[in-house]
1. At LYS312 and ALA85, where each label point lies 7 Å from the Cα along Cα→Cβ, what is the point-to-point distance in nanometres?
2. For the chain, with a Gaussian network of springs between Cα atoms less than 10 Å apart, report the residue from VAL74, VAL282, VAL252 with the top mean-square fluctuation.
3. Which residues' amide hydrogens lie under 5 Å from the amide hydrogen of SER270, considering only partners 5 or more residues apart or on another chain, with H built in the peptide plane?
4. Which value does Rg/Rh take for the chain over its C-alpha atoms, Rh per Kirkwood?
5. Once the Cβ-Cβ distance between VAL282 and GLU220 is put in as r, and R0 is 30 Å, what FRET efficiency do you end up with, to the nearest 0.05?
6. Cut-off is 10 Å between beta-carbons; in what order do LEU38, LEU183 appear when sorted fewest neighbours first?
7. Would you calculate a helix-derived [θ] at 222 nm for the chain, using -39,500 (n - 2.57) for each DSSP H run of n ≥ 4 and dividing by the full residue count, to the nearest 500?
8. Angle between the Cα long axis of helix 190-206 and the longest principal axis of the chain, 0 to 90 degrees, nearest 10?
Amino acid sequence: MPATILDVAKVSGFSKSTISRAFTEPETVKPYTLEKILWAAKKLDYTPNAVARAMITKRTENIGFIIYERQKPVISNPFYAPILASIVQATGERDYSLFIASDTDIRLPSGETMLRKQVDGVIIASQTDTGTILSFRKKGIPVVLLNYHMDLDDLYCILSDDYGGVFSAVEYLAGRGHKNIGLLSGKFTPFIYSRRHKAYIDAMAKHGLQPDYRFVQDVEPTIRDAYDLVHEMLMSENRPTALLCTNDSIAVGALKAAIRAGLSIPRDLSIIGYDNSDLCMVTEPELTSVDTDKNEMGRLTVEQLMKMINGKVPEERIITVGTKLILRGTSD
């Protein structure tokens, strides 16, 4: 028969109410009393709930997942949703639970308390700041950055090869004879935006191509905003023959605008998206897109964090997951 709180009281010599406070409000119990109660609980294998287990093992068996506010809701985000699914699977295989919050949530008193006291490690996705990372470090909570990088000592990051993905897409289009290649850049974090933009410029230069900056534009990464922008572009003289879009929602908006303008895809206009999301399969023609192994990103993130939780030092500080151009009907 499992041990009860009365058994712990009998072995430790303290009252039931003191036992209860030791597990729910340990800061109100004298250190000697707390130590003796925890000893008794461990001896009896008494773990009434997650709080008790955490006090005995010094583990909560919880991991925090913090997403940049502008990427919410993560469950429907075409890039982060598959990564999150992979993280949920990987944490579950290790009998860990996952708390999900935005960077705004953790700045609230309730969110800060939850994460600081109830997680063994934290994954921060998309964007963060030095203060947030240092605040976790002061509590001894390890942090892994996902799809973001900061130049801090002993900070571990899992990245997608954004530069290589865009560079290979431009190379493909240039190799097919395109000279007027436009770039529609989603207004993402500066870290992601800058790497993709630089790759476009570098690849164009490699092939001796001069960007037409009428067709190198920033846009909110939505179908509607991309549609409106491309609708205007296509009325210009010497319109582009190819558009590289830095996410698939932008590419779908561009495709809609081109089809409504009476263009034949890809004969009149080639379009390449980014992320290889489910959107690629619902358009006609289907969308060519740059793919990142998002399952692998999630798996590696949890693997690195668990090493740190277990007191090990990961071999690699920065792991970059490669990209691949998936050819479909919107590119010739």
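All of the numbers you see were taken from the coordinates with simple rules; none came from a lab. Since this is a predicted model, take the numbers as computed values, not measurements. Because the Cβ atoms are built from the backbone with ideal geometry, glycine has one as well, and the counts that use them run over all protein chains shown.
1. For LYS312 paired with ALA85, the spin-label model returns 2.8 nm.
2. Comparing VAL74, VAL282, VAL252 in the GNM, the peak value goes to VAL282.
3. For SER270, whose amide H was placed from the backbone, the distant partners under 5 Å are ALA242, LEU243.
4. Values: Rg = 25.7 Å, Rh = 22.5 Å.
Value, to two decimals: 1.14.
5. 0.90
6. On the way: LEU38 20, LEU183 25.
In order of increasing Cβ crowding within 10 Å: LEU38, LEU183.
7. -13500 deg cm²/dmol
8. Tilt relative to the chain: about 30 degrees.
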